[in-house]
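Novice: Sharing a structure with you now.
The values are calculated or read from the model by the stated rules, or taken from the named source; none is laboratory data. For clarity, every value in this text was computed on a predicted model and none was experimentally measured. Using ideal geometry, Cβ is built from the backbone for each residue, glycine included, and neighbour counts are taken over all protein chains shown. To get the accessible areas, we keep the full protein, side chains included, count just its heavy atoms, and leave off ligands, DNA and RNA. Shrake-Rupley method; radii C 1.70, N 1.55, O 1.52, S 1.80 Å.
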Amino acid sequence: MGAAGGADVVAAGGVSGDAGRVVSRPVLFERLATSARVTVVSAPAGSGKTVLLRSWIGEPGVVGNAGWVAVGRDERDPQRFWLSVLEALRRTRPGSGLVRAVSAAPDLDGWALVERLLTDLSALDHRLWLVIDDVHELGSTEVLRQLELLVMRAPPRLRLVLASRHDVRLGLHRLRLTGGLAEVRAADLRFSLAEAAELFSDAGFELSVPTLSLLHERTEGWAAGLRLAALSLVGHPDPGRFAAEFSGSERTVAEYLLAEVLDRQSEQVRRLLLRTSVLGRVNGELADLLTGAGGGEGILQDLEQANAFVASLDSSRTWFRYHQMFADLLRLELRRTGPGELAAVHRVAAEWFATHGFPADSVRHAQAAGDWGPAARLLADHWPALYLDGQAAVVHGLLAGFPPGLLSTDAELAVMAAADELIRGSLDAAGRYLDLAETRSAAVPAGRREQLRLLLAVVTLLLARQRGNLLAVVEEASKLQAMAAVADTAQPGLGADLRGLALISLGSTEFWASASGDAERYLEAGIALARQGGRPYLEFTGLAYQAPHVFYHSFAQGAERARRAVELADRHGWTDDPAVGVACTVIGLVQVWHGQPDEAEPWIQRAELTLSADAQPAAVLAVLMIRGTLELIRDRNAEALAALEGCERLARQLSGQHYMVARIQALVVHSLVRLGRSGPAEQLLAGLDKQDRERTEIRVATAALRIAQGDLQAALAVLAPVRTVPDSNDYWGFWNARADVLEAIARDAFGDPDGATAAIERALDISERSGDVTAFLLYSYAAPDLLDRHGRHRGAHASLLAEIQSLLAGVKPAARAVLQPPLGPLSDSELRVLRYLPTNLTAPEIARELYVSANTVKTHMRNVYAKLAVHRRAEAVGRARALGLLAPSAANRRGSTRIATP
């Protein structure tokens, strides 16, 4: 028997120069020391099996108690194998006094040797391990049957550890069923990033995190690949460039993989591997098509079973991929042995993927074949669906695969490039590409012009939405909806998706531009179409843009919509999408309005990181407003002012006067007043026109300035009209509450306690309904005393008073209850019945109102109760109000929720 297999010695994954140190892997050591009768270590060449086992048998408790057998190449001699097993066990402490010496003899039978060994070990009373490395090299069926016999009849204290490049037939399934089998697979042997760092450190290289991460990603944690990279790094002047270029075609890696894997395959298998290496994934049908032969699926399954750097991608084992470095080697060999075949292979693959519903793969292979025209047409045909599925990153990669000049000369590519620039926040570049597309449109063949018109309509709508141009959005949404029927003819279902996109764009722009009540209707209809068409990305954007609108009717429901949007984004990998920033803004806003700045901070930060002032100016305006309020509550007035100073620049990017601009200007005045800078505050107010100065928020800011200047009469005068002129954009009356608190401060200073108490009562009424306590936190210099005196006079708001006073004192009140969503969405019929539950109507009376039977109403009521997780009618009404499914009651419209931090 030979020494341990050389392949896995190279794959040590931790040998360091002259030190000979091995990366410690305690988790795997624990797996090997398990109480299972048999442990199988099965992984491809170079995975570090041998070094792992060599290291482990030197561990305390194992050293001296493990016999090591390394199977030689294509071992077919039973006698030689079993004599090496006996000799290995005799060298252990437990086996030295039990296993008898045997000499080689012509008539020595392997079966007899196994029986003799079982007899000798029958008295074993101490744990003994038999480690057999390279079991896959056992080329004799007879030896395998004898080993199986040993496995089946081994004494209780004997443990077998079998290392192999692939599973061998030893009847181990029986042990698996009884829990007697432990397994260490390729995935377990892959080096973690930390272990890779230790390997390179031991080899004398302290790599940067990006360089280390790139090498770890390229090798997929393969021990031999990492070790060979460490060897190749010696003397290299630029580790970063080395990592970027390191692949399976690197000489040392290629030689290793050729010798240990590719050269061991038959000609049929080699041909399949080489011709399918250009694919990111392959199945049997595609393999057969590319090789012109049959049996591809079986070959791929056998390669996976043999741990030959082939991994299945699905549970049914029909799709497979190659290890990155193995694929690199295969492509190198294909270029070397059949350079003229490459373009033809890519064309065949492009056609197969196109006809089987994999457009992105088809485009990639058409590009690889140099077929730029077909690739562009294919991408243009599928771009709407790719966009609606949230595949912007995929499209970006595909566009990068075209020659740069082609994006400017091909009209359809120019439109898609515009969308790509738009998604990346460059509105000006998007506009330029759209102009190029319009210019080049005359050159588009007649058969392609309808698709170009569709692309232009979608991207023009998206650009108008980003700019907040409501008139343009209305016009483009109307165009897109008119095209929807034609789109359905080419791609069934696309028409409804496009209508959903148009409605969501219309609703989101309507809200940001004017906070119109029509926005909710558009968004709700768009979300319904997204769900109907199975477009989670469209649903996610709809929920995100619906959340700020719903917020103004119910804090709880607004936060719930936002949370659902964030969950969808996190689940599908859309975490950098601007709509995530919108959703996080709403969640942060709810926390700020509840007086919970620490809970709001991570959500606001995520919104700030996700949104771009150039690409989403309206959304960033909202974030600035919330950030300013947050910092004012914290009494960090300079930070508040800094956060708000970009307001004017952003406002200029918006079409028309945005309703939030006045609110941010009001907060700027508050910041200046707190900083003692009355002069700049006065100048800001003086620069506003008459209409702006009459807005509620500007009157509130002016009153704050007048109180700071000691002009209480002027403060009361400027606040007087606030109660008589409602703000259509302030549903809950947030700024009215602030006006009431300032009035209370002024009247209290005038010596008018009754007037102050009445004003405080009005502010508390608004806060009780809405849940907003910022009216008191913003004026913390006077609010505590006012509330303290008010609390002694009135007890109508005892609970709210206690909460606000705790916040003002810096004591965090008890956490709000976590709001759980319904167990399932309510149908339209169930929602209609739900709306009658707050009334005194009986089920038969509700049935008459809805023109249905009483039994139907009762069925819907039971479904509503089940979905809301309640048992009684009153509970259903209360739960529905908390979720925003019903309007808040007149007695208490105050919604509350607490959202986990991101």
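Novice: To the nearest 10 square angstrom, how much accessible area does Lys479 have with a 1.4 angstrom probe?
Specialist: So the heavy atoms of Lys479 present about 90 Å² to solvent.
Novice: Using just the alpha carbons, could you tell me how many Å³ per residue the convex hull of the range 95-195 encloses?
Specialist: It comes to 148 Å³ per residue, whole-number rounded.
Novice: State the extension gain, in nm to one decimal, for the chain segment bounded by Leu342 and Thr252, taking 0.36 nm per residue of separation less the distance between their alpha-carbons. Working shown, then result.
Specialist: Values: separation 90, 0.36 × 90 = 32.40 nm, distance 2.48 nm.
That pair, Leu342 and Thr252, stretches by 29.9 nm at full extension.
Novice: Here is a further query. What percentages, rounded to whole numbers, describe P(r) for the range 439-573 computed over all alpha carbon pairs with 10 Å bin width beginning at zero?
Specialist: 13, 39, 32, 12, 3, 0
Novice: When you take every Cα atom in the range 396-448, what is the radius of gyration, and what is Dmax, the widest Cα pair distance, in Å?
Specialist: So, for the range 396-448, Rg and Dmax equal 10.7, 33 Å respectively.
Novice: Sum up the charges of everything whose Cβ sits under 15 Å from the Cβ of Asp389, counting Lys and Arg as +1 and Asp and Glu as -1, but leave Asp389 out.
Specialist: Within the 15 Å Cβ shell, the charges total -2.
Novice: Another question, if that's okay. Using only Cα atoms and rounding to the nearest 10 degrees, what angle (0 to 90) does helix 873-882 make with the longest principal axis of the chain?
Specialist: Roughly 90 degrees, rounded to the nearest 10.
Novice: Give the shape of the range 305-386 as rounded, prolate or oblate, defined through the alpha-carbon gyration tensor: a ≥ b ≥ c are the square roots of its eigenvalues, a/c under 1.5 means rounded, and otherwise the shape is prolate if a/b is larger than b/c and oblate if not.
Specialist: Here the range 305-386 falls in the oblate category.
Novice: Helix-only mean residue ellipticity at 222 nm, the chain, DSSP H runs n ≥ 4 weighted -39,500 (n - 2.57), per residue, nearest 500. What is it?
Specialist: Working: 50 runs with 566 residues, N = 902.
Mean residue ellipticity, 222 nm, calculated: -19000 deg cm²/dmol.
Novice: Between 0 and 90 degrees, rounded to the nearest ten: what's the tilt of helix 470-490 against the longest Cα principal axis of the chain?
Specialist: 40
Novice: Okay, next question. Tell me, what is the Rg over Rh of the range 154-237, with Rh the Kirkwood radius over Cα pairs?
Specialist: Reported Rg/Rh (Cα atoms, Kirkwood Rh): 1.17.
Novice: Give, as a single signed number, the net charge of other residues whose beta carbon lies under 12 Å from the beta carbon of Ser505, with Lys and Arg counted +1 and Asp and Glu -1.
Specialist: +1
Novice: While we're on this one: Would you mind getting me the FRET efficiency between Arg432 and His126? Use the beta-carbon distance for r and R0 = 60 Å, nearest 0.05.
Specialist: Efficiency for this residue pair is about 0.15.
Novice: Over all directions, how big on average is the projection of the convex hull of the alpha-carbon atoms in the range 515-628, in square nanometres?
Specialist: Result: a mean projected hull area of 6.7 nm².
Novice: Another question, if that's okay. Evaluate the range 358-432: find the radius of gyration of its Cα atoms, find its Kirkwood radius, and give the ratio Rg to Rh.
Specialist: Rg divided by Rh gives 0.94.
Novice: Using the alpha-carbon atoms, what tilt in degrees (0 to 90, nearest 10) does helix 223-233 show relative to the longest principal axis of the chain?
Specialist: The answer is roughly 80 degrees.
Novice: On to the next question. If R0 is 25 Å, what FRET efficiency do you get for Thr355 and Arg571 from their C-beta distance, rounded to 0.05?
Specialist: 0.25
Novice: Find out how many positive minus negative residues lie around Val348, taking Lys and Arg as positive, Asp and Glu as negative, among other residues whose Cβ is under 13 Å from that of Val348.
Specialist: That sum, taken over residues with Cβ under 13 Å, equals -4.
Novice: Between Ala482 and Ser827, 0.36 nm times their residue separation minus their Cα-Cα distance comes to what?
Specialist: 121.3 nm
Novice: In Å and on Cα atoms, what radius of gyration and Dmax does the chain show?
Specialist: Gyration radius and largest Cα-Cα distance of the chain: 36.2, 119 Å.
Novice: Here is a further query. Please work out whether the range 26-158 counts as rounded, prolate or oblate from its C-alpha gyration tensor, where a ≥ b ≥ c are the square roots of the eigenvalues and a/c under 1.5 means rounded, while otherwise a/b larger than b/c means prolate and anything else oblate?
Specialist: It comes out oblate by the Cα gyration axes.
Novice: Now for a different question. Where the Cα atoms of the range 274-424 are projected onto their three principal axes, how long is each span, largest first, in whole Å?
Specialist: 47, 35, 27
Novice: What distance in nm lies between label points placed 7 Å from Cα along the C-beta direction at Ala866 and Leu193?
Specialist: 4.6
Novice: Continuing with the same structure: Taking the alpha-carbon centroid of each part, what is the distance from the range 565-626 to the range 228-271 in angstrom?
Specialist: 45
Novice: Okay, moving on. How far apart, in nanometres, would the label points at Asp288 and Thr119 be if each is projected 7 angstrom from Cα along the Cα-to-Cβ direction?
Specialist: Placing both labels 7 Å beyond Cα along the Cβ direction yields 5.6 nm.
Novice: Please label the shape of the range 235-320 as rounded, prolate or oblate, based on the square roots a ≥ b ≥ c of the eigenvalues of the alpha-carbon gyration tensor (a/c under 1.5 means rounded; beyond that, a/b larger than b/c means prolate, else oblate).
Specialist: prolate
Novice: What distance in nm separates the two pseudo spin-label positions at Ala244 and Phe750, each 7 Å out from Cα along the beta-carbon direction?
Specialist: Roughly 7.1 nm, to one decimal.
Novice: Work out the FRET efficiency for Glu761 and Val27 from their Cβ-Cβ distance, taking R0 = 51 Å, and round it to the nearest 0.05.
Specialist: 0.20
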